[in-house]
1. Within region 82-89, is there a residue that is surrounded by 17 or more Cβ atoms within 10 Å (Cβ to Cβ) and modelled with pLDDT of 90 or more?
């Protein structure tokens, strides 16, 4: 069974990744954005956090799974928004 501390640590890491990804999303939506490496790293961070949540959910109780599920939905939503953002558009 997952400990309360391990769940809280995971949630905290996810929140940190979300903050970073939101900054990259904001920068990516602005004209003349050239930071593709940072943008890709933020997307990878979201994916890594998602995978960590999935692993931790196997050893958690119902309340913890619900908490992890809500965080997973936040990660997925931001990940989808970042993927759909056309931040590589050519400037004409």
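1. Within region 82-89, one or more residues are surrounded by 17 or more Cβ atoms within 10 Å (Cβ to Cβ) and modelled with pLDDT of 90 or more.
Table: residues versus (1) closer than 17 Å to residue 80 by Cβ; (2) at pLDDT below 95.
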site: 11; (1), (2): no, no
site: 16; (1), (2): no, no
site: 25; (1), (2): yes, yes
site: 30; (1), (2): no, yes
site: 33; (1), (2): no, yes
site: 38; (1), (2): no, yes
site: 46; (1), (2): yes, no
site: 66; (1), (2): no, no
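Each row is one residue, and each column tells you yes or no for (1) surrounded by 13 or more Cβ atoms within 10 Å (Cβ to Cβ); (2) closer than 22 Å to residue 67 by Cα; (3) without any contact (Cβ under 8 Å) to a residue 40 or more places away in the chain; (4) touching a strand residue (DSSP E or B) at 6+ places or on another chain (Cβ under 6 Å).
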position: 8; (1), (2), (3), (4): no, yes, yes, no
position: 14; (1), (2), (3), (4): yes, yes, no, no
position: 26; (1), (2), (3), (4): no, no, yes, no
position: 29; (1), (2), (3), (4): yes, no, no, no
position: 48; (1), (2), (3), (4): yes, yes, yes, no
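The values are calculated or read from the model by the stated rules, or taken from the named source; none is laboratory data. Please read all numbers here as calculations on a predicted model, not as lab measurements. As a convention, Cβ positions derive from the backbone with ideal geometry for all residues, glycine included, and neighbour counts pool all protein chains shown.
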